1. Of the peptides 390-400, 418-428, how do they stack up when ordered by the mean number of other Cβ atoms within 10 Å, highest first?
2. How large is the dipole of the range 341-429 about the Cα centre if only Lys and Arg carry +1 and Asp and Glu carry -1, each at its Cβ, rounded to the nearest 20 debye?
3. Quick one: accessible surface of residue 541, probe radius 1.4 Å, all protein chains present, in square angstrom to the nearest 10.
4. Tell me, what is the per residue accessible area of the range 423-561 in Å², probe radius 1.4 Å?
5. Got a sec to turn the phi values of the range 513-530 into Karplus ³J(HN,Hα) couplings, 6.51 cos²θ - 1.76 cosθ + 1.60 with θ = phi - 60°, whole Hz, x for Gly and Pro?
6. Apply the Kirkwood formula to the range 118-162: the hydrodynamic radius equals the inverse of the mean of 1/r over all pairs of different alpha-carbon atoms; give it in Å with one decimal.
7. Determine the per residue accessible area of the range 119-161 with all protein chains present and a 1.4 angstrom probe, expressed in square angstrom.
8. Quick one: ranking 355, 113 by accessible area, 1.4 Å probe, largest first, what do you get?
Amino acid sequence: MAGAAAEERRLATVVESWLGRPVLVIGDAMLDEWRFAESDRLCREAPAPVLTLRRRISAAGGAANTAVNVAALGGRAVLVAPVGADVAGDELHDCLDRAGVWDRTVAQPGRHTPVKRRMLAGNQILLREDSGDPDDALDGDGVQRLLTALECATEELRAAAGGEAPTLVVCDYGLGALPAPVRAWLVAARDRYATIALDAHDLADWRGLAPTVVTPSFAEATRLLARATSRTDSHLHLDHPAADPTDGPSELSVGTAPGAAGSPAVAAPAGAPGAGVSGAGVSGAAPPLGRPTGGTGEPTPGEDRVAMTGDGLSVTGTGVTVSALAGAGVDRAVLAEARLAELRAHTGADVVAVTLDTEGAVVGGADGASRRSHSTPVPASHAVGAGDAYLAAMTLALAAAAPLPTAAQLAQLAATITVSDTGTCVCRREDLLHALGARGDDAGHPVLVAPEELAAIVETQRGAGRSVVFTNGCFDVLHPGHVRYLEQARALGDLLVVAVNSDGSVRRLKGPDRPVNPVEDRVALLAALACVDHVVIFEEDSPAGLIEVVRPDVYVKGGDYPPEMVPEAPLVRRLGGQVRTLGYVPDRSTSAIIDRIRAHGHGTVPGGPERVDARGRSAVLGEPEQVDAHGSTASMPGRPA
């Protein structure tokens, strides 16, 4: 398990490296209020439970929770945000002080601090009450004081960091904290920040910022794409002209073309397979245009709908569509992965991380490669603010110059380990380091595992946000081609599981003279490779049973043929995985090596008629000979080398 242990140490080193890194967070700060109640009867007036309040908790929310997560993870966090001069604002200040966030919020008299109040009974959220009017815009004086605070906080962080440019995190939840003058200031001051992370419900507002990373949800990403493809002028869909204040993805439900309220959603051509099927049910009338309820920028009903059509994978003015011929395995992750390049182009970001709530995230960078991470499904009350933890860890890792795969892995892990209980999620640096250590200890399972152990191991690792790569083969004579192949396979994910054919299985597949090496020797050599995390032996001729157990994110086979020709491809895709084929190193195959060994025993190279003995004498190739201790020869029956 040397490979996994080294990986854990490498990730922990990145977490250590971002300690004290300066981060300025600006955006919509709010207060999360949790009210825990009990109920044992219904009231007389209506079929509603009678609640008895037992406990109340307040926590920082929105941009404030992102700042709290940055501080908890070891960064030096400063928060700039408008906050109401009210009781909720006072509570928010207390939350920031307890978390060690430098509070540079600006009081706005007459403007209420946004609050999300959740009432729970039996750990179930019964209702949520939101207060704070997003349409209550900042006045001129409020905007100026916010800009002054932003300027001062930027210089304060730079001075505290010895002149180092700080990192900027923008959290725009559509609650009015970032009006046009503030956005313009940030765009103009882009070069004053080393790394910029953007989390915005309306990504189109921020095209000029050229952020390092954006972290839209699936709904936010599809809103942007739907709007971008619905406009004939490529510039209009990225800007918000003053004369058109209602134009934008925050005012658009995916599934409806701008100006086409009530128009039907895209459907497949008549007779096409899967025509009319959508991710949320049968395609019908599209939702009307209009601002999402409450103006908070939260997804509206139907935004996650994916229409299955027969005309190809596309994003159109009427929604996100995918070819019905692509198969049943098509899901949000596949769609997000297919559109990463377009999202990068429309946002101007170096990195796009599309978050998929309980399904993890899909991340892509300038190299065109995508990376999938996974999360563990939990009750909704456990996941509030998990995206803030993801954003904080992703930002800190990128600011510390970590490679994108590392940043994505740490971000998913930070989000995953915070969802163990009800409340607003905060990931502490100690928790992240402990999780890394626990994963290393967890991976203290022997490298060679039994099939019945594999499911539990994979579930644990995937629950920690790790992606699983699976490959299989005989690996009869381990050679450099195998090593390179396995190293390339390991680079496609976080955990590499290698399934090895048993001796009986090899004989049925390769013939009675194989394997050359017994399975005990073969798995011992594989287990010694740093790139291999787990090895499992299977008796069947096909790995299909193990594939169903592992449900790999990536299934890898060696060869120069396309993935479509891999027999296991339909099963892997049905389970939601990808299929990749990796070419072998030329002249590095088991069969070629065995042929050379046999030819050497005959004293000739493969295809040659003669052998040459130690004294330079030649002999016609016949039965292989062995040389005894005295140098004399004797014929011996041929046997596999």
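1. 390-400, 418-428
2. Values: 5 positive and 7 negative charges, 44 e Å.
Here the size comes out at about 220 debye.
3. Looks like 80 Å² after rounding.
4. Working: 5350 Å² over 139 residues.
Dividing the accessible area of the range 423-561 by its residue count gives 38 Å².
5. Whole-Hz 3J(HN,Hα) from phi for the range 513-530: 8, 10, x, 6, 10, x, 4, 4, 5, 5, 6, 5, 5, 5, 5, 7, 7, 5.
6. Values: mean 1/r = 0.0699 Å⁻¹.
14.3 Å is the Kirkwood radius here.
7. On the way: 2360 Å² over 43 residues.
It amounts to 55 Å² per residue over the range 119-161.
8. Values: 355 35, 113 5 Å².
So, going from the largest accessible area down, we get 355, 113.
The values are calculated or read from the model by the stated rules, or taken from the named source; none is laboratory data. It should be emphasised that the depicted structure is a prediction, and the values quoted were computed from it without experimental measurement. Virtual Cβ from ideal backbone geometry, glycine too; neighbours counted across all protein chains shown. In case anyone asks, the SASA skips ligands and DNA or RNA and just uses the protein heavy atoms, side chains included. Shrake-Rupley method; radii C 1.70, N 1.55, O 1.52, S 1.80 Å.
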